[in-house]
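Here, each number is a calculation from the coordinates, and none is a lab measurement. The structure presented is a predicted model; accordingly, all values stated were derived computationally and were not measured. We place every Cβ from the backbone using ideal geometry, glycine too, and count neighbours over all the protein chains shown.
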Amino acid sequence: MNNNLDELETDCKTCHNCGLADTRTNVVFGVGNKNAEIMFIGEAPGQNEDIKGEPFIGRSGMLLDNMLSAINLNRDKIYISNIVKCHPPKNRNPYLKEQNACIEWLNYQIKIINPKIIVCLGRIAAIKIIKPDFKITKDHGQWFEINGVFITATFHPASLLRNPSQKPDAINDYLILNEKVKKLCKNTY
């Protein structure tokens, strides 16, 4: 692997490490500020993301954008990616073997971007990045320091659309995130 994000993306687009490569329309590598101090990581692209090749578009993306806007962030200030870069059929959760086949791409993205803060969007991202027994309903909003990076998790925007009762907790998570950003990220605001 290389140390340039554009070259890494080019390499990733030719990946055939798992069966998702056979059914994808596009590799959904990531978007945003390549020098971001804050990185958001979801689980896998959905059908709309597969078509466009960009993470978090459609209703989930609009909700994420609104949550970011509430704390004075936007996609120009952050970087957004996923654990898995290809769309699992029927929007199913990515299998562990697919996550494992793809995680090195994400690890290199993190290494190159070198964020101060990572926000996991949803349970699957939190399990893969924070700890294997992460419970999103119980552990969301808590902070973990791993290799000098502050990491938290909140509800996936798609989950909030299905379960609006989780929105107050998610809003609180973003408010807590905002305080952490103010303390750690001098170049973001």
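List the residues of the stretch 153-186 whose backbone N lies under 14 Å from a point placed 7 Å from the Cα of Lys131 along the Cα-to-Cβ direction. The answer is 153. Between 0 and 90 degrees, the angle of helix 96-113 with respect to the longest Cα principal axis of the chain falls at about 60 degrees.
Spin-label model, Glu9 to Asp65: label points 7 Å out along the Cα-to-beta-carbon direction sit 1.8 nm apart.
Taking the number of Cβ atoms within 10 Å of each Cβ as an exposure proxy, the fewest-first ranking of Ser159, Ser69, Ser81 is Ser69, Ser159, Ser81.
Helix-only arithmetic for the chain: the sum of -39500 (n - 2.57) across DSSP H runs with n ≥ 4, divided by the residue total, places the mean residue ellipticity at 222 nm at -12500 deg cm²/dmol. Of all DSSP-defined beta bridges confined to the chain, some 30% are antiparallel rather than parallel. Would you indicate which of (i) 107; (ii) 118; (iii) 459 is the value of volume of the Cα convex hull per residue in Å³ derived from the coordinates of this structure? Matching entry in (i) 107; (ii) 118; (iii) 459: (i). Taken over the stretch 1-94, lysine pairs spaced eight or more positions apart, or on distinct chains, with alpha carbons under 20 Å apart number 8.
Distance distribution note for the stretch 143-189: the fraction of Cα pairs above 18 angstrom is 40%. Taking the longest Cα principal axis of the chain as reference, the axis of helix 167-184 is set at about 80 degrees. Computed over Cα pairs, the Kirkwood radius of the stretch 24-112 leads via Stokes-Einstein (0.692 mPa s, 37 °C) to a diffusion coefficient of 248 µm² per second.
Neighbours of Glu9, meaning other residues whose beta-carbon lies under 11 angstrom from its beta-carbon, give a summed charge of 0 when Lys and Arg score +1 and Asp and Glu score -1.
In this Cβ point-charge picture (+1 for Lys and Arg, -1 for Asp and Glu), the chain has a dipole of about 420 debye about its Cα centre.
Stretching the chain fully between Asn48 and Lys167 yields a gain of 40.5 nm (0.36 nm per residue, less the alpha carbon separation). Enter the Cα centre distance for the pair the stretch 102-171 and the stretch 3-56, rounded to the nearest angstrom. Going from one Cα centre to the other spans 17 Å.
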